[in-house]
1. Return yes or no: is residue 41 at pLDDT 90 or above, loosely packed, with under 12 Cβ neighbours inside 10 Å and within 29 Å of residue 16 (Cβ to Cβ)?
2. Looking only at region 60-68, decide whether some residue is at pLDDT below 95 and farther than 22 Å from residue 33 by Cβ.
3. Can you confirm whether residue 74 is part of a helix (DSSP H, G or I) and either closer than 30 Å to residue 104 by Cβ or touching a residue at least 40 places away in the same chain (Cβ under 8 Å) (or both)?
4. Out of region 23-54, which residues are assigned to a helix (DSSP H, G or I) and either over 26 Å from the mean Cα position of the chain (by Cα) or within 12 Å of residue 78 (Cα to Cα) (or both)?
5. Look through 90, 102, 12 and report the one residue that is at positive phi and surrounded by 10 or more Cβ atoms within 10 Å (Cβ to Cβ).
6. When you go through (1) under 26 Å from residue 38 (Cα atoms); (2) at pLDDT 85 or above one by one for residue 104, which number turns out not to apply?
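The values are calculated or read from the model by the stated rules, or taken from the named source; none is laboratory data. None of these values were measured; they are calculated from a predicted model. Glycine also receives a Cβ, built like all others from the backbone with ideal geometry; neighbour counts cover every protein chain displayed.
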């Protein structure tokens, strides 16, 4: 950060990507080990790299893009895809917490349904009773005003 001179988690240079450029690390990488682009293009590129690795004797080469968490924003082509934990502690079979799955699934839609029902009830109540109901105090004030003018 230019403000406090501290390093923060990578944002994949969202400011550069927004104007059609790739991340700075991709541009600066001398070995072209970092590739950036749409996910489908990256999967095609990875297939080529995997085929190359397998032709060089890495029989278990593969793509690390775990489906247990819905995929990731960063994919890795691994020489030993059957053992991802040997690469900087990548989890072998990551899963999303059941609490998060519940929140993203049932609870989210139930909450939306309840909010919709409350909004509909509020609208119906407003249309039926809200503007059409005159309080006793308003009636008394109206009578005083009408009686005072006559």
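1. yes
2. Yes: one or more hits.
3. Taking the combined requirement at face value, the residue does not satisfy it.
4. Result: 27, 28, 46, 47, 48, 49, 50, 51, 52, 53, 54.
5. Only one candidate passes the filter, namely 12.
6. Only one criterion in (1) under 26 Å from residue 38 (Cα atoms); (2) at pLDDT 85 or above is unmet by residue 104, namely (2).
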